[in-house]
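Everything on this sheet refers to the single structure shown next.
We did not get these values from a lab; they are worked out from the coordinates using the rules stated. Remember, predicted model here, so these are calculated numbers, not experimental data. Heads up, the Cβs are rebuilt from the backbone with ideal geometry, glycines too, and the neighbour counts pull from every protein chain shown.
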C-alpha cells in the first residue's frame, strides 16, 4: 500500500471514504510504474520499501514482512486470515514485541522475529503486511473482532463499584500533534465514580500520579492486552494502544487531531476498522478543547453495563 507522492492524496482520499476499488486502482498504477522503471527501492527506509511484485499468492508459502510500526501490524494482521485461505502457509516476520500475541491470529502458521538482514526461512512469495489488502483485492474491511487473543490473563485490579478507564495520552515523538497536553488529561480525571488506570508507556508515563491515575502500563504487549480486558473502557490518542484495544474488541475512544491519519475519517464517530471504537476529533488544528469536552460529557454518562463486553481469552 506504499504509494508515491503524486498519487498519495488521491489514494488517501479513497481510503478515507472507503472506496477500496479506487484505492487498489491507484496502487495498481503505482505498481506498474515501479516494475517498468525498475526504480531502486531498497535504499529507502525499510517502512517505505514496497515488497509485493504483483505475483499471485495462492498455493505458495508466503512471507509477510512487518516493516511498519506496531500499531500498523496490529491493524493489518487481520488480513492474514484471508491470505491463508489461498496460501499454502503463512510465515509472519514480525516485531519481536508482537510475536506472542501474533501467534493467536487465525491464519498464522509460523512467526519469526523481525531483524535487520534476511529472514532465516524459506518462502515462495513475500509481501509487506500493509500491502496485503491490495494484493488480496479486499472489497471491504473485515470487521470480525476480536482477532487478537490473550493466551493467559494477569491479575485484574481489585474491582469495586467504580467504572474503570485506561488512559493513553501520548503517542510517539514522530508526531507530537497526536499527543494530549497534561492539562487536557487532568480534565478527564475530575469525574467522580471513575477509576483511572494509566496504560501510558515511555517518558510521559511518569505523569500518571499527577492526573491522578494508577500506573498500570507495561512494555509487554500480552500484559497490556490482559489489563485492557480487565477495564471497562480505554481512552487513547492515535497510537499502538488504540489498535490493540480495537483488535481485542474492547470499548475504546480515540482522540484524533484535526489532520488525522489517512486510516481515520475526518469527521464522524465511527470507523470501518474497529466496530467497538468511537472517534473524537479536534475541531481546530492543535486545539483539543472541543474533543475533550465532548469526551468529558460522554464519560459522565458512562456506566459499566453500557460499555462492558465479555471478551473470550484463549487458554
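Data table
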{"read-out": "Likely footprinting exposure, 284, 186, fewest C-beta neighbours within 10 Å first", "value": "284, 186"}
{"read-out": "Unit Cα scatterers, Debye sum, the range 163-307: log10 I(q)/I(0) for q = 0.11, 0.17, 0.20 Å⁻¹", "value": "-0.35, -0.91, -1.34"}
{"read-out": "Sites residue 28 and residue 99, calculated FRET efficiency, Cβ-Cβ separation with R0 35 Å, nearest 0.05", "value": "0.60"}
{"read-out": "Cβ-based exposure ranking for 152, 30, 296, in which fewest neighbours within 10 Å come first", "value": "152, 296, 30"}
{"read-out": "Cα-based helix-to-principal-axis angle, 289-300 vs the chain, degrees rounded to 10", "value": "70 degrees"}
{"read-out": "The chain: calculated mean residue ellipticity at 222 nm from DSSP helix runs of at least 4, using -39500 (n - 2.57)", "value": "-8000 deg cm²/dmol"}
{"read-out": "Solvent-free Debye scattering, log10 I(q)/I(0), computed from the Cα coordinates of the range 243-292 at q = 0.29 Å⁻¹", "value": "-1.11"}
{"read-out": "Extension gain from residue 289 to residue 215, taking 0.36 nm per residue of separation minus the Cα-Cα distance", "value": "24.1 nm"}
{"read-out": "Label-point gap, in nm, between residue 47 and residue 174 - each point 7 angstrom along Cα→Cβ", "value": "0.1 nm"}
{"read-out": "Kirkwood-based Rg to Rh ratio, the range 40-135, C-alpha trace", "value": "0.92"}
{"read-out": "Extension gain (nm, one decimal) between residue 110 and residue 9, 0.36 nm per residue minus Cα-Cα", "value": "32.8 nm"}
{"read-out": "Relative contact order %, the chain, counting alpha carbon pairs below 8 Å whose residues are six or more apart", "value": "17 percent"}
{"read-out": "Fluctuation leader among 78, 44, 103 - the chain, Gaussian network, Cα springs under 10 angstrom", "value": "44"}
{"read-out": "Antiparallel content of DSSP bridges confined to the chain, in %, to 5", "value": "5 percent"}
{"read-out": "Cα-based helix-to-principal-axis angle, 5-16 vs the chain, degrees rounded to 10", "value": "50 degrees"}
{"read-out": "Sorted by Cβ density within 10 Å, fewest first, the residues 65, 85", "value": "85, 65"}
{"read-out": "In degrees, nearest ten, helix 20-37 long axis to first principal axis of the chain (Cα)", "value": "50 degrees"}
